[in-house]
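None of the figures in this text is laboratory data; all of them are computed from the coordinates on show. Just so you know, these numbers come straight off a predicted model, no measurement behind them. Counting neighbours? That spans all protein chains shown, and the Cβs are built from the backbone with ideal geometry, glycine included.
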Amino acid sequence: MKMRKKYLIMIIITFVVFVCGCSRSNTNIDKYLKSGEIIDSYAKEFMPSIEELPKYKDISYKYNKESVLWYTSDAMTLVVEYDDETYKSEKEKLSKRYTFLSEKIPFDEEGLYIIPEYEFSINSYDFKVIEESDNDDTYYPKSFGMIGTSDDKKSIAYLYFYDFDLDYIGDKGEQLSMANFVKEYFKYDF
């Protein structure tokens with residue numbers, strides 16, 4: 001009888017972990033674009049190389065992997081803080097290096113959106129979603145990048161997301177859906 005209880009408890013625990021999922025985070029900058037996960041190959045076209053960045057005051061990195069059943073999502077964040085002059089210069093270069101979305105991307109006629117907001121804010125950061133191009137791996141909302149700038153913190157945040165099972169972001173009529181999306185998946189304190 002004791003053996004049955006142990007097996008039953010083990011099965012229940014396994015089931016709960018399997019259904020509820022688990023998450024994993026990494027903040028080791030040495031693993032930046034070298035985590036061994038599929039997101040690395042997609043993000044390399046978008047995320048800056050640390051070696052190519054100008055002199056910075058501070059840099060932080062966070063990688064998150066969320067798993068529920070067989071669905072997984074990966075989110076990568078790189079935030080670079082500069083002195084005032086370098087920040088202004090790097091912020092200006094963003095519009096030369098990247099093309100940004102200029103409109104929402106609808107999913108269906110029922111008010112759902114693949115990308116519900118092409119610009120949004122979280123605290124002092126103003127974010128823009130990067131536009132798809134023929135020479136990268138952007139495929140909304142499954143694989144795409146965003147850039148946030150904070151004039152207050154003199155920081156630029158590079159975010160990349162990958163989840164090949166995601167069909168749309170937010171719910172019909174949801175306010176701040178992109179900000180909520182970033183908070184949920186990236187788990188970074190902006």
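Positive end of the dipole of the chain (Cβ unit charges, origin at the Cα centre): among Pro48, Tyr61, Pro106, the Cα lying farthest that way belongs to Tyr61.
Cross-link partners of Lys44 among lysines, defined as those whose alpha carbon lies under 22 angstrom from its own and excluding same-chain residues fewer than eight positions apart: Lys31, Lys34, Lys55, Lys62, Lys65, Lys91, Lys93, Lys96, Lys128, Lys142, Lys187. Normalised by the number of residues in the chain, the mean separation of alpha-carbon contacts (under 8 Å, six or more apart) gives a relative contact order of 22 percent. Taken over segment 22-186, the alpha-carbon convex hull comes to 119 cubic angstrom per residue. To the nearest 20 Debye, how big is the dipole of segment 95-190 about its Cα centre, given +1 on the beta carbon of each Lys and Arg and -1 on that of each Asp and Glu? Its charge dipole is roughly 560 debye.
Taking the Cα centre of the chain as reference, the dipole from Cβ charges on Lys and Arg (+1) and Asp and Glu (-1) amounts to some 1360 debye. Remark: segment 173-190, residue by residue, has Karplus-estimated 3J(HN,Hα) of x, 5, 8, 6, 5, 6, 4, 5, 4, 5, 4, 5, 8, 8, 6, 10, 8, 7 Hz, where x stands for each Gly or Pro and the curve is 6.51 cos²θ - 1.76 cosθ + 1.60 at θ = phi - 60°. Mind checking the angle between helix 2-20 and the chain's longest principal axis? C-alpha axes, 0 to 90 degrees, to the nearest 10. Roughly 20 degrees, rounded to the nearest 10.
Karplus-derived 3J(HN,Hα) values for segment 66-73, using 6.51 cos²θ - 1.76 cosθ + 1.60 with θ = phi - 60°, are 10, 10, 9, 6, 9, 8, 10, 9 Hz; glycine and proline are entered as x. If the segment from Ile38 to Val68 were pulled out straight at 0.36 nm per residue, it would be longer than the present Cα-Cα gap by 9.1 nm. Assuming R0 = 41 Å, can you tell me the calculated FRET efficiency for the pair Met3 and Phe100, based on Cβ-Cβ distance, to the nearest 0.05? After rounding to 0.05, the efficiency reads 0.10. If the chain linking Tyr139 and Ser89 were pulled fully straight, counting 0.36 nm for each residue of separation and taking away their Cα-Cα distance, it would gain 15.1 nm.
Sorting 27-36, 157-166 by their mean Cβ neighbour count within 10 Å, with the most densely packed peptide first, gives 157-166, 27-36.
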